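**Q** Take a look at this one; I'll ask things after.
The values are calculated or read from the model by the stated rules, or taken from the named source; none is laboratory data. Computed from a predicted structure; not experimentally measured. Here the Cβ is made from the backbone with ideal geometry for all residues, glycine too, and neighbour counts use every protein chain on show. For the accessible areas, the whole protein counts, side chains as well, though only heavy atoms, and no ligand, DNA or RNA atoms are used. Shrake-Rupley method; radii C 1.70, N 1.55, O 1.52, S 1.80 Å.
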Amino acid sequence: MDPLPDVTATGTDGAPLRLRDLPRPLIVYFYPKDDTPGCTHEALDFSALASRFAAAGVGIVGISRDTVAKHNKFIARHGLVIPLASDLDGSVTEAFEVWGEKQMYGRTYMGIERATFLYDADGRLARAWRKVKVKGHAEEVLDAARSLG
């Protein structure tokens, strides 16, 4: 199994957030953009289950390439209770291989693939979800996290 990449994002307080320093088991989920319908729904779903993730002893962080200021507005606007982090230089999305070519409405562009990664207590990849469909995803991740143990 793959180890948790040793990469650093930026927390909503503007401080460096080294993923390997976060409590584990750990869920790292990537989403394209703050305040878009799918991303908002996903963040709200993870927030609604935050206490259940905490009760299972599982940490969580959502990452996009939006700025810290945008993240803070997104959190405030929707009452999110999960931590978000910014990947301003793209190093985190590159390490997780979630940055790539996408297509929408016949247009090709570079962006984040919606993906979620679950790491066990030893920092080893336990499960990965790629090209995530938002509906029911947070519940599926919670079930997988609980099965760790």
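**Q** How much of the accessible area of the chain, probe 1.4 Å, is carbon plus sulfur, in whole percent?
**A** Of the solvent-accessible surface of the chain, carbon and sulfur hold 51 percent.
**Q** What is the Cα convex hull volume of the chain when expressed per residue in Å³?
**A** Convex hull of Cα atoms, per residue: 104 Å³.
**Q** Over the stretch 67-114, what lengths in whole Å, largest first, do the semi-axes of the equivalent ellipsoid take, defined as the square roots of 5 times the eigenvalues of the alpha-carbon gyration tensor?
**A** 24, 15, 9
**Q** Then there is this: Given charges of +1 on the Cβ of Lys and Arg and -1 on the Cβ of Asp and Glu, with all other atoms neutral, how large is the dipole of the chain about its Cα centre, in debye to the nearest 20? It would help to have the intermediate numbers written out before the result.
**A** On the way: 19 positive and 20 negative charges, 75 e Å.
The calculation lands at about 360 debye.
**Q** Could you point to the residue in 128, 14, 39 farthest towards the positive end of the chain's charge dipole, with +1 and -1 charges on the Cβ of Lys/Arg and Asp/Glu respectively?
**A** The residue sitting most towards the positive pole is 39.
**Q** Further, regarding this structure: Could you tell me which of the pairs 70/131; 73/131; 73/102; 33/102; 70/133 are separated by over 20 angstrom between their Cα atoms in the structure shown?
**A** 70/131; 73/131; 73/102; 70/133, as the Cα separations exceed 20 Å there.
**Q** While we're on this one: Step through the residues of the stretch 50-64 one at a time and calculate ³J(HN,Hα) from phi using the Karplus curve (6.51 cos²θ - 1.76 cosθ + 1.60, θ = phi - 60°), rounding each to whole Hz and writing x for Gly and Pro.
**A** 4, 5, 6, 5, 4, 4, 7, x, 10, x, 8, 8, x, 10, 9
**Q** Stretched out fully, how many nm does the piece from residue 122 to residue 33 gain, at 0.36 nm a residue minus the Cα gap?
**A** Using 0.36 nm per residue and subtracting the Cα-Cα distance, I get 29.0 nm.
**Q** How long are the semi-axes of the equivalent ellipsoid of the stretch 30-111, defined as square roots of 5 times the Cα gyration tensor eigenvalues? Whole Å, largest first.
**A** Semi-axes from the Cα gyration tensor: 23, 15, 13 Å.
**Q** Continuing with the same structure: Distance in nm between label sites at residue 51 and residue 105, each 7 Å beyond Cα in the beta-carbon direction?
**A** 4.0 nm
**Q** Between the stretch 37-92 and the stretch 1-28, what is the C-alpha centre distance in whole Å?
**A** 13 Å
**Q** When only alpha-carbon atoms count, how far does the stretch 82-149 stretch along each of its three principal axes, as whole angstroms with the largest first?
**A** The Cα atoms of the stretch 82-149 stretch 43, 27, 20 Å along their principal axes.
**Q** Averaging sequence separations of C-alpha pairs under 8 Å and six or more residues apart, then dividing by the length of the stretch 31-149, give the relative contact order as a whole percent. Display every interim value, and only then the final one.
**A** Working: 149 pairs, mean separation 30.5, N = 119.
Contact order relative to length: 26 percent.
**Q** Still on this structure: Could you list the square roots of 5 times each eigenvalue of the Cα gyration tensor of the stretch 1-70, that is, the equivalent ellipsoid semi-axes, sorted largest first and rounded to whole Å?
**A** Values: eigenvalues 74, 60, 26 Å².
Semi-axes from the Cα gyration tensor: 19, 17, 11 Å.
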